[in-house]
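The values are calculated or read from the model by the stated rules, or taken from the named source; none is laboratory data. In this text, all values refer to a predicted model and were calculated from it rather than measured experimentally. Here the Cβ positions follow ideal geometry from the backbone for every residue, glycine too, while neighbour counts run over all protein chains shown. For the accessible areas, the whole protein counts, side chains as well, though only heavy atoms, and no ligand, DNA or RNA atoms are used. Shrake-Rupley method; radii C 1.70, N 1.55, O 1.52, S 1.80 Å.
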Amino acid sequence: MTLRVVVVDDQDLIRGGFVAILGTVDDIEVVGEAADGAAALDLVRASRPDVVLMDIRMPGMDGLDATEQIAADPELTDVRVIVLTTFEEDEYVLRALRGGASGFLGKSVRPGALLDAVRTVAAGEELLSPAATKAVISHVSHELAQPSVASDVFRHLTEREREVVLLVAQGLSNEDIAERLFVSPLTAKTHVNRAMMKIGARDRAQLVVAAYQAGLAGNDR
């Protein structure tokens, strides 16, 4: 199956670079490019890609607003957004994850890692390692000083599901969780998926953010 990708960045050189890299393999097809959030939103609604590579800072509608609108559109539930960021923009990543992004990549990402990221997120799995997601959340943990998600929503989880969520927030992969709890990786993944469904999280990154926002996961920096 060929994965359909939209690339969004206001800098022609960067956008063109990503398009060129994606064009080197047979299982990924770039179905459109956009230079701002509004154009990206129109393009995504028209082309229904599997993955959107979304820059953050752009003229007009930025990538954060575009990501939030994509995530909120019930007709685009299968579209996954990868936020493109730089070290200086880490403070925006938390909002992107809250708004529905499935993960993030640095603009200096190597070609192989970019291709792997697109394939991974298109498969509905975590984009980067849970530890990488946790690192960014920890970097902006001052924004989480006042929990903005009611911990009540986590009361719907079983004891084992709550345990798994805390392990996810600590940066453990499904394989790590399975080893810690003496269960199979498939069972660990099932617990993670059930927790996401009950919390209303689109993916693993959203689950981690919700745990931090509810005050269930602490900052260990």
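Worth a mention:
- Within region 35-51, being of a type outside the set (A, V, I, L, M), in a helix (DSSP H, G or I) and open to solvent by less than 40 Å² (accessible area, probe 1.4 Å) holds for Gly37, Ser47.
- Close Cβ contacts (under 6 Å, 6 or more residues apart or on different chains) running from residues in region 82-98 that are within 20 Å of Gly200 (Cα to Cα) to residues that are among the hydrophobic types (A, V, I, L, M, F, W, C) and at pLDDT below 80 comprise Val93/Val136; Leu94/Val140; Leu97/Ala205; Leu97/Val209; Arg98/Val209.
- Residues satisfying the stated conditions in region 52-81, i.e. basic (Lys, Arg) and either within 13 Å of the chain's Cα centre (by Cα) or in a helix (DSSP H, G or I) (or both): Arg80
- Within region 163-215, the set of residues being basic (Lys, Arg) and more than 21 Å from the chain's Cα centre (by Cα) comprises Arg180 only.
- Considering residues of region 164-173 that are in a helix (DSSP H, G or I) and open to solvent by less than 20 Å² (accessible area, probe 1.4 Å) only, the residue modelled with the lowest pLDDT: Ala169
- Just one of the listed residues (Gly100, Gly23, Gly106, Gly32) is open to solvent by less than 40 Å² (accessible area, probe 1.4 Å) and modelled with pLDDT of 95 or more, and it is Gly32.
- Residues that are surrounded by 16 or more Cβ atoms within 10 Å (Cβ to Cβ) and at pLDDT 90 or above, drawn from region 149-162: Leu157, Glu161, Arg162
- Residues in region 5-14 that are over 17 Å from Leu64 (Cα atoms) and buried (at least 19 other Cβ atoms within 10 Å of the Cβ): Val5 only.
- Subset of region 175-194 (residues that are within 15 Å of Gly124 (Cβ to Cβ) and either among the small types (Gly, Ala, Ser) or open to solvent by less than 20 Å² (accessible area, probe 1.4 Å) (or both)): Val192
- Selection count, region 52-64, where residues are open to solvent by 10 Å² or more (accessible area, probe 1.4 Å) and either more than 24 Å from Leu3 (Cβ to Cβ) or not aliphatic (A, V, I, L, M) (or both): 5
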